[in-house]
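What follows is a single structure, written as structure tokens, with notes after it.
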Amino acid sequence: MGYLRALAQLTGRVDEAMAAEERFRATLANAVARSRETGRAERTVVLMYGSAESIGVDTSDSLKGDLLAQLFRYPFPAKGSDAATASTFSVEELLAQQPDVALVYSLLFSADDRTLSAQLADHPVWQLVPAVQQGQVHEVDARLWGSGRGTRSLTAIVEQAMALVPAP
């Protein structure tokens with residue numbers, strides 16, 4: 001929101017920015033209330049990306065991880081302050097947190113690239129993750145989930161997350 005406010009000041013669009021911020025905050029507050037009312041807040045969710053050799057997780061210290069932590073149980077803090085390893089998790093570490101839902105944005109660079117969930121499909125430990133066993137692994141749009149930062153993108157992420165995470 002700080003960036004939005006600063007940009008609004010620079011461009012003379014303070015009223016539009018305030019309205020966008022208010023819409024987003026209302027959407028988030030509504031989603032938080034619905035998540036609690038429906039029991040979704042008790043569901044453990046992970047947002048992950050990368051490859052089977054190097055699984056990245058949007059930690060609760062990141063924008064998307066923090067957003068999801070407001071809606072669901074999100075036990076994925078950064079693992080230290082080293083940027084190269086703070087968000088890298090093994091399949092075993094994911095299993096230890098028992099996620100009910102896995103949201104996956106695959107970074108594909110060619111038509112031959114396989115999605116992260118496809119790369120993990122035959123991994124024996126991945127098969128033990130509750131999200132996998134319950135059919136709750138969802139490939140989401142990498143452009144939105146991986147790089148969306150504005151109020152419209154974050155609103156879409158909140159709405160998609162609420163649609164993809166089922167009530168218990």
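The values are calculated or read from the model by the stated rules, or taken from the named source; none is laboratory data. As the structure is a computational prediction, the values presented were derived from the model and not from experiment. Virtual Cβ from ideal backbone geometry, glycine too; neighbours counted across all protein chains shown. Only protein heavy atoms, including side chains, enter the accessible area calculation; ligands, DNA and RNA are left aside. Shrake-Rupley method; radii C 1.70, N 1.55, O 1.52, S 1.80 Å.
Yes or no, residue by residue, for (1) within 11 Å of the chain's Cα centre (by Cα); (2) modelled with pLDDT of 95 or more; (3) polar (S, T, N, Q):
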{"position": "Glu37", "(1), (2), (3)": "no, yes, no"}
{"position": "Gly50", "(1), (2), (3)": "no, no, no"}
{"position": "Leu63", "(1), (2), (3)": "yes, no, no"}
{"position": "Arg73", "(1), (2), (3)": "no, yes, no"}
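Restricting the first member to the range 149-160 and to residues that are under 20 Å from Met18 (Cβ atoms) and of a type in the set (S, T, N, Q), and the second to residues that are buried (at least 18 other Cβ atoms within 10 Å of the Cβ) and at pLDDT below 95, the beta-carbon pairs closer than 6 Å and six or more apart or on different chains are Thr151/Ala20; Thr151/Phe24; Thr155/Phe24.
Of all residues in the range 91-116, those being open to solvent by 30 Å² or more (accessible area, probe 1.4 Å) and part of a helix (DSSP H, G or I) number 5.
Filter the range 132-148 for residues that are surrounded by fewer than 15 Cβ atoms within 10 Å (Cβ to Cβ) and under 25 Å from Ala19 (Cα atoms) and give the result.
Taking the range 132-148 and keeping what is surrounded by fewer than 15 Cβ atoms within 10 Å (Cβ to Cβ), we get 133-135, 141, 143, 147.
Listed by number, the residues that qualify are Arg143, Ser147.
Search the range 3-35 for residues being of a type in the set (D, E, K, R) and surrounded by 11 or more Cβ atoms within 10 Å (Cβ to Cβ), and hand back the single one that is modelled with the highest pLDDT. By that ranking, first place goes to Arg34. Filtering Ala156, Ala84 for residues that are part of a helix (DSSP H, G or I), open to solvent by 10 Å² or more (accessible area, probe 1.4 Å) and out of contact with any strand residue (DSSP E or B) (no Cβ under 7 Å at 6 or more places or on another chain) leaves a single hit, Ala156. For Leu103, are the conditions met, namely being touching a His at 6+ places or on another chain (Cβ under 9 Å) and modelled with pLDDT of 95 or more? So Leu103 passes the test.
Would a scan of the range 53-60 turn up a residue that is under 21 Å from Gly148 (Cα atoms), aliphatic (A, V, I, L, M) and either open to solvent by less than 80 Å² (accessible area, probe 1.4 Å) or touching a Gly at 6+ places or on another chain (Cβ under 9 Å) (or both)? If you could, list the steps in order and put the result at the bottom.
Initial filter on the range 53-60 (under 21 Å from Gly148 (Cα atoms)): 55-60.
Next, from what is left, pick out any that are aliphatic (A, V, I, L, M): 55, 57.
With either open to solvent by less than 80 Å² (accessible area, probe 1.4 Å) or touching a Gly at 6+ places or on another chain (Cβ under 9 Å) (or both) added as a condition, the list becomes 55, 57.
Checked against the condition, which is being under 21 Å from Gly148 (Cα atoms), aliphatic (A, V, I, L, M) and either open to solvent by less than 80 Å² (accessible area, probe 1.4 Å) or touching a Gly at 6+ places or on another chain (Cβ under 9 Å) (or both), the range 53-60 yields at least one hit.
Within the range 41-56, does at least one residue satisfy the condition of being touching an Asp or Glu at 6+ places or on another chain (Cβ under 8 Å), in a helix (DSSP H, G or I), among the β-branched types (Val, Ile, Thr) and within 19 Å of Leu28 (Cβ to Cβ)? No, the range 41-56 has no match at all. Residue count for the range 61-77, restricted to those that are free of Cβ contacts under 8 Å to residues at least 24 places away in the same chain and surrounded by 17 or more Cβ atoms within 10 Å (Cβ to Cβ): 2. Close Cβ contacts (under 8 Å, 6 or more residues apart or on different chains) running from residues in the range 1-29 that are charged (D, E, K, R) to residues that are open to solvent by less than 60 Å² (accessible area, probe 1.4 Å) and at pLDDT 80 or above comprise Arg5/Glu21; Glu21/Thr151; Arg23/Thr151; Arg23/Thr155.
Out of the residues in the range 57-67 meeting the condition of being assigned to a helix (DSSP H, G or I) and among the hydrophobic types (A, V, I, L, M, F, W, C), tell me which one is farthest from Leu164 (Cα to Cα).
Initially, the range 57-67 is screened for residues assigned to a helix (DSSP H, G or I), giving 63-67.
Cutting the leftovers down to among the hydrophobic types (A, V, I, L, M, F, W, C) gives us 63, 67.
Numbers: Leu63: 19, Leu67: 15 Å.
Result: Leu63.
For Leu128, state whether it is surrounded by 15 or more Cβ atoms within 10 Å (Cβ to Cβ) and either modelled with pLDDT of 95 or more or of a type outside the set (Asp, Glu) (or both). Even if it seems obvious, please write down each step before you answer.
Details: surrounded by 15 or more Cβ atoms within 10 Å (Cβ to Cβ): no; either modelled with pLDDT of 95 or more or of a type outside the set (Asp, Glu) (or both): yes.
No, not satisfied.
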